[in-house]
Every structure is written in structure tokens, then in C-alpha cells.
1. Quick one: count up the residues across region 75-107 that are aromatic (Phe, Trp, Tyr) and not in a helix (DSSP H, G or I).
2. Can you name the residue in region 175-196 that is buried (at least 23 other Cβ atoms within 10 Å of the Cβ) and among the small types (Gly, Ala, Ser) and is also modelled with the highest pLDDT among such residues?
3. Right, Ser216: at pLDDT 85 or above and either farther than 30 Å from Asn277 by Cα or among the aliphatic types (A, V, I, L, M) (or both) or not?
4. Is it fair to say Phe93 is closer than 30 Å to Leu297 by Cβ, open to solvent by less than 70 Å² (accessible area, probe 1.4 Å) and at pLDDT 85 or above?
5. Quick one: would you say Val270 is touching a residue at least 24 places away in the same chain (Cβ under 8 Å), open to solvent by 30 Å² or more (accessible area, probe 1.4 Å) and of a type in the set (Val, Ile, Thr)?
6. For region 33-83, what are the residues that are of a type in the set (Gly, Ala, Ser), under 21 Å from Ala291 (Cβ atoms) and in contact (Cβ under 8 Å) with a residue 12 or more places away in the chain?
7. If you take the residues of region 156-174 that are closer than 17 Å to Ser212 by Cα and of a type outside the set (A, V, I, L, M), which of them is surrounded by the fewest Cβ atoms within 10 Å (Cβ to Cβ)?
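The values are calculated or read from the model by the stated rules, or taken from the named source; none is laboratory data. Small disclaimer: the values here were computed from a predicted structure and weren't measured. Note that each Cβ is placed from the backbone with ideal geometry, even for glycine, and that neighbours are counted across all protein chains shown. We work out accessible area using only protein heavy atoms, side chains counted, and drop any ligands, DNA or RNA first. Shrake-Rupley method; radii C 1.70, N 1.55, O 1.52, S 1.80 Å.
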Amino acid sequence: MIRQGHSSNDTTPVCFSINSPPFHYNHTIASVYFSTILSGLGLSSNLFAFVVLIKTFLRTKSLSRSSFLIFLTGLVVTDFMGLLVTGSIVVSFHIMRFNWRELDPYCHFCNFMGMSMVFYGLCPLLLGASMAIERFVGINRPFTRSAGMSKSRALTTVLGVWGVAGAISLLPLTGLGSYHMQKPGSWCFFNISSQPLDLTFSLIFSLLGLLSLAISFLLNTVSVVTLLRVCCGQDAAARRRDHEVEMMVQLIGIMIIASICWCPLLVFIVTTVLSRNPLEVKSLLLWIRFATFNQILDPWVYILFRRAILKRVYPRLDWSRDSIASLYPTLATSLRKLTRSSLGGGLEEGPPQGSHVPAPLQPLSS
């Protein structure tokens with residue numbers, strides 16, 4: 001992909017047509033340490049979380065929990081590979097201070113990094129939305145899910161998310177948008193501008209990310225309300241729902257971290273291309289670094305918010321329905337009223353006292 005330069009004899013590759021290295025940038029030892037420490041922390045955290053997830057997956061007997069663990073494993077693997085690919089390039093730049101244009105005169109390496117930034121950026125958001133859908137179906141529509149196929153379906157969904165993110169990352173290579181060198185010369189990303197093709201791809205990336213966060217927020221809210229209704233309802237025969245509570249706590253944590261880390265960048269991209277204002281490089285760098293923390297913090301949600309850890313922190317806490325209601329009787333009554341009014345007629349009320357008719361949500365997958 002070559003673009004004509006200032007003279008007929010000068011050809012400039014597309015990725016260097018806007019920003020062409022070398023740039024005047026103050027390389028300090030702090031930038032090397034900062035990039036290395038963050039990359040190392042993220043890689044080690046994801047690797048530790050991966051080992052814990054595999055051990056838990058081999059021990060678990062719950063089909064719905066196994067399905068959820070497959071999603072979490074896909075998220076951890078994605079975050080690990082994203083940090084490994086992009087982090088190694090950035091750290092190498094800060095250490096070697098190479099001239100990217102001399103190293104990559106035909107933009108192949110720059111395009112690869114741009115694709116990696118898009119792919120590993122979209123995957124956590126899409127996986128978060130997929131997990132929210134899976135939990136929503138498992139909690140609110142237990143009869144519509146084939147429990148015997150949950151593991152294979154979860155694996156297929158993860159592979160499908162990777163396929164969708166990969167296809168979107170290839171769009172700039174087909175002409176819809178373009179990947180460009182970004183200051184200070186350590187990374188490549190798609191061009192954020194109001195030009196029609198660049199604007200289209202920028203909106204695809206940012207709006208798809210924001211839509212994923214919106215879906216996660218909506219479905220997780222409904223799932224939490226439903227789960228609270230089950231835990232604090234009048235059904236005395238309700239079985240323990242430790243796993244559902246644990247999974248929802250982890251999923252809410254993942255959603256909150258993704259929203260905090262990614263919303264600033266996604267909103268910044270939308271406002272920049274629609275307002276037709278010049279790109280603010282410092283703001284872009286700030287929000288990109290902010291989004292990178294998502295890959296570092298994600299594994300700690302599962303590492304820290306497991307029942308084994310929470311019970312060590314608070315050994316007196318029992319997550320069964322009876323203990324929740326007995327520890328907080330006033331809260332249980334309030335939640336019961338709140339969830340009834342929130343759900344309206346969407347869920348049947350529990351059977352009257354003395355009745356042996358099982359509650360509608362009794363077959364909720366474990």
C-alpha cells in the first residue's frame with residue numbers, strides 16, 4: 001500500500017503518510033521501566049489466573065460453572081496474548097529506540113500491530129457481553145438452555161468472538177480505514193479522522209465496543225435482580241446458589257473494570273471523528289494506556305473474587321440462601337419488595353405457605 005508523496009519520485013507507505021518517524025521524543029529510563037513493569041505484571045497475573053482456572057475447571061462438576069470457566073479462560077488467554085504481542089513491541093522500542101520506518105519499510109509490521117490493537121481490544125468487550133448473555137439465559141431462562149451442550153457452546157462462542165474481532169481487524173487492509181504509525185513511534189493504530197472511510201471504521205470499532213458494554217450492563221442488572229429475588233425470596237426449599245452468586249460477582253467485576261478502562265477511549269474516538277476536530281495525541285495516548293489496564297486487572301477479578309478467598313477473608317460468611325436472609329433480615333425483606341416491583345409480572349410469585357409446589361426458578365442450572 002503506497003501513497004504518492006510530495007514529488008513524483010517519492011513514494012510514502014500509507015502507514016507513514018501522516019506520522020513519519022523518527023519523532024522528537026524524550027526517551028527516558030522511566031518509560032522503559034513503566035512499560036516493562038506493566039507488561040510483566042499483566043503477563044504474570046494472567047498466567048497465574050490461567051493456572052487457577054484450569055485447576056478449577058478440572059475439579060468442577062457444575063455444567064453451567066464449567067461453561068462460565070471456559071469464557072473466563074478465553075478472556076485470560078486473550079488478555080495474555082494481547083499484552084505479550086503489543087507489550088513486547090513497545091518495550092523493544094523503548095529499549096532499542098529503533099526507527100520504525102527503516103525496520104518496516106512496507107508497513108507489514110505496523111499493520112500487524114494495528115490489527116493486534118483492534119483484535120485484542122475488541123475481544124474482552126465482546127467476551128464480556130457473551131458472558132452476560134450466558135448468565136442471563138442460565139438464570140432467567142433455565143429451560144431454554146441445553147445443559148449437555150453448554151461446554152461445547154461456550155467454546156464455540158469464544159472461537160466465534162475471536163473470529164468476529166479478527167474479521168473487523170482485517171477491514172483496514174481491505175481499504176475501510178487504515179493503520180498508521182502513532183506518536184511517539186512505538187505503536188500503530190487505525191487512523192482516527194473524519195475522512196469517510198476512516199470515520200466509518202472508527203465508528204465500527206467504538207460503537208461495537210460501547211454496544212457490548214451496554215449489553216453487559218443491561219443483562220447483568222436483570223440477572224442480579226433475579227438472583228437476589230431467588231436468594232431472598234419466600235421459597236424456603238430453594239437450594240444453595242453459591243456458584244451463581246460467585247459467577248455474578250466476578251462478571252460484575254469484569255464489567256465494571258471494562259467500563260472504566262474502555263469508555264473514555266471509545267467515547268473519545270466517537271467525539272473526535274464526529275466533531276471533525278484535530279486528533280489530540282496526548283489524550284489518545286492517555287486513554288490507550290488507560291484501556292491497557294483492563295488486561296492487567298481482569299485476571300485479578302477471578303483471583304480475588306473466588307469463594308475460597310472470600311471465605312478466608314470472612315470465614316463466618318455462608319453464601320447459602322438461609323444465611324443471607326438471616327444475616328440481613330431487613331435487607332432481605334426490602335430486596336424482596338424491590339425485586340417484585342422491578343420484575344413485575346415477569347416472574348411468578350412463590351407458592352403460598354404450606355404449598356409444596358416448586359418455585360418456577362427451581363431448575364436453575366448449578
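1. Filtering region 75-107 down to residues aromatic (Phe, Trp, Tyr) leaves 80, 93, 98, 100, 106.
Filter again for not in a helix (DSSP H, G or I), leaving 98, 106.
Within region 75-107, residues that are aromatic (Phe, Trp, Tyr) and not in a helix (DSSP H, G or I) number 2.
2. Ser178
3. Values: at pLDDT 85 or above: yes; either farther than 30 Å from Asn277 by Cα or among the aliphatic types (A, V, I, L, M) (or both): yes.
Against the criterion (at pLDDT 85 or above and either farther than 30 Å from Asn277 by Cα or among the aliphatic types (A, V, I, L, M) (or both)), Ser216 qualifies.
4. Working: closer than 30 Å to Leu297 by Cβ: yes; open to solvent by less than 70 Å² (accessible area, probe 1.4 Å): yes; at pLDDT 85 or above: no.
Taking the combined requirement at face value, the residue does not satisfy it.
5. Working: touching a residue at least 24 places away in the same chain (Cβ under 8 Å): yes; open to solvent by 30 Å² or more (accessible area, probe 1.4 Å): no; of a type in the set (Val, Ile, Thr): yes.
The answer is no for Val270.
6. Filtering region 33-83 for residues of a type in the set (Gly, Ala, Ser) gives 35, 39-40, 42, 44-45, 49, 62, 64, 66-67, 74, 82.
When the remaining residues are screened for being under 21 Å from Ala291 (Cβ atoms), the result is 35, 39-40, 42, 44-45, 49, 74, 82.
Across region 33-83, the qualifying residues are Ser35, Ser39, Gly42, Ser45, Ala49, Gly74, Gly82.
7. Going through the qualifying residues, I end up with Gly163.
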